[in-house]
Amino acid sequence: MHVITEKIVFGGNALARINGKAVFIPFALPHEELDITITSNRRDYSEAVIKKILIPSPYRIEPPCPYFGRCGGCNLQMAEDTYQHILRRTMVEELFTRAHLAPERQPAFIAGPAWEYRNRFQFHADNSGSIGMYGYAGNTVIPIHDCPIAPPALRSLLQHHKLNMLFPKNTIKDGNHRYHVFAQKTVYGPAHPDAQAQVRDITLHFSVFGFFQSNITMLEKLVEPVCDLPSCSRILDFYAGVGTFSAFLTEKAAEIHLVEHNERTLHTAKTNLDRIITERNSPCRCFYHALSDSCWPDTPAAQLTYDAVIIDPPRQGIHERIISYVKQAGIPRIHYVSCNPATFVRDAKKLTALGYR
């Protein structure tokens, strides 16, 4: 079945149409003529795989990673790096356009290095004890012995077949395990889970089993706009994690209130901030609230006056109660960090409807 792709949609698949019905095709680029095989038919769309590329995009290249297309970690390596930037930006712009949202300032597109940039990984073991990455669109484990997007320290372990040393030996043989790894100059894993990352001039401690940003280079670029606040009395750090952004705000506010549902993670945030405040001799006071986002508006601390809120939610975006809360609380400034443009645009539309710009 022959199609011509139209564009890349959020998530990385190319969109084509057959008799008006949308067909989503992985590892395809815009304006390519393809011979495809339909793999799944739904009421509103179909899914397909490439059988043969009849007319390739001029931006198509041979993927640099030998595991690309089998390993599920990457989905755009078949495109030139500069063209990947265009595709990613276009995906986000289209989400704004479809929501009828027009930012007042021209968005800035900032990219990091194309290779050796990803610090956080999840490896998996199969029933034979082989460790690797889940394959594309499935849970088959693909053993890998290099990863061009991993930092040199982790690449070295992979290349020398020493990845197993990161994991307790008694768990590898069981299969179906998920192994969290963080690598910067040092590689941390389940056998040594107490990790640390250097972000600009601050060291942050965390557990490899919990969440931490997966691209430290881009996190360092992100810190500046997120923490660009005038000196103020009180800041609310929502979905605070281990205090990553609060660590850069101790010179900006007299008080920081951190809200995080995971009590163990919040304890780590307190350890990080106690140390940073002591090292910097900062007068900032921090308060820690271990509760879910939906419960926050009912607490006494929620009734305080906040000059700004930092919101860094999970992929599903901000809880509905928090969207209402920030408006009712009269918080004048929101700095929203998102890893999911689709839910960010959804939330931005709700916030602008409440009067935010």
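The values are calculated or read from the model by the stated rules, or taken from the named source; none is laboratory data. No experiment lies behind these values; they were computed from the predicted model shown. Cβ placement follows ideal geometry from the backbone for every residue including glycine, while neighbour counts extend to all protein chains displayed. Note: areas computed on protein heavy atoms with side chains; ligands, DNA, RNA excluded. Shrake-Rupley method; radii C 1.70, N 1.55, O 1.52, S 1.80 Å.
Quick notes
- Checking each residue in the range 9-25 for being more than 22 Å from residue 98 (Cβ to Cβ) and surrounded by 16 or more Cβ atoms within 10 Å (Cβ to Cβ) picks out no residue at all.
- Test: residue in the range 117-134 that is out of contact with any strand residue (DSSP E or B) (no Cβ under 8 Å at 6 or more places or on another chain) and among the hydroxyl-bearing types (Ser, Thr, Tyr): yes
- Of all residues making up the range 308-357, the number that are small (Gly, Ala, Ser) and either assigned to a loop (DSSP other than H, G, I, E, B) or under 23 Å from residue 248 (Cα atoms) (or both): 6
- Matching entry among 118, 105 (being part of a loop (DSSP other than H, G, I, E, B), at pLDDT 95 or above and of a type in the set (Lys, Arg)): 118
- Check on residue 247, at pLDDT 95 or above, within 20 Å of residue 339 (Cβ to Cβ), within 20 Å of the chain's Cα centre (by Cα) and assigned to a loop (DSSP other than H, G, I, E, B): no
- Against the conditions (1) open to solvent by less than 40 Å² (accessible area, probe 1.4 Å); (2) of a type outside the set (Ser, Thr, Tyr); (3) touching a His at 6+ places or on another chain (Cβ under 9 Å), residue 6 satisfies every one except (1).
- Taken over the range 258-284, the criterion of being within 19 Å of residue 296 (Cβ to Cβ), open to solvent by 10 Å² or more (accessible area, probe 1.4 Å) and either part of a strand (DSSP E or B) or touching a helix residue (DSSP H, G or I) at 6+ places or on another chain (Cβ under 8 Å) (or both) is satisfied by 260, 261.
- Residue 214, sole failed condition from (1) open to solvent by 10 Å² or more (accessible area, probe 1.4 Å); (2) within 27 Å of residue 331 (Cα to Cα); (3) part of a loop (DSSP other than H, G, I, E, B): (2)
- Taking residues in the range 219-230 that are within 16 Å of residue 339 (Cα to Cα) and open to solvent by 10 Å² or more (accessible area, probe 1.4 Å), and partners anywhere that are basic (Lys, Arg) and in a loop (DSSP other than H, G, I, E, B), the pairs with Cβ atoms closer than 7 Å and at least 6 places apart or on different chains are 220/200.
- Subset of the range 241-252 (residues that are among the small types (Gly, Ala, Ser) and open to solvent by 10 Å² or more (accessible area, probe 1.4 Å)): 241
- Tally of residues being part of a loop (DSSP other than H, G, I, E, B) and surrounded by 18 or more Cβ atoms within 10 Å (Cβ to Cβ) across the range 138-163: 6
- When the test is whether a residue is within 27 Å of residue 133 (Cα to Cα) and surrounded by fewer than 14 Cβ atoms within 10 Å (Cβ to Cβ), residue 39 passes it.
- Among residues of the range 65-88, those that are outside any loop (DSSP other than H, G, I, E, B) and surrounded by 14 or more Cβ atoms within 10 Å (Cβ to Cβ), counted: 10
- Among the residues of the range 185-211, those identified as over 14 Å from the mean Cα position of the chain (by Cα) and open to solvent by 50 Å² or more (accessible area, probe 1.4 Å) are 185, 186, 192, 194, 196, 198, 200, 201, 205, 209.
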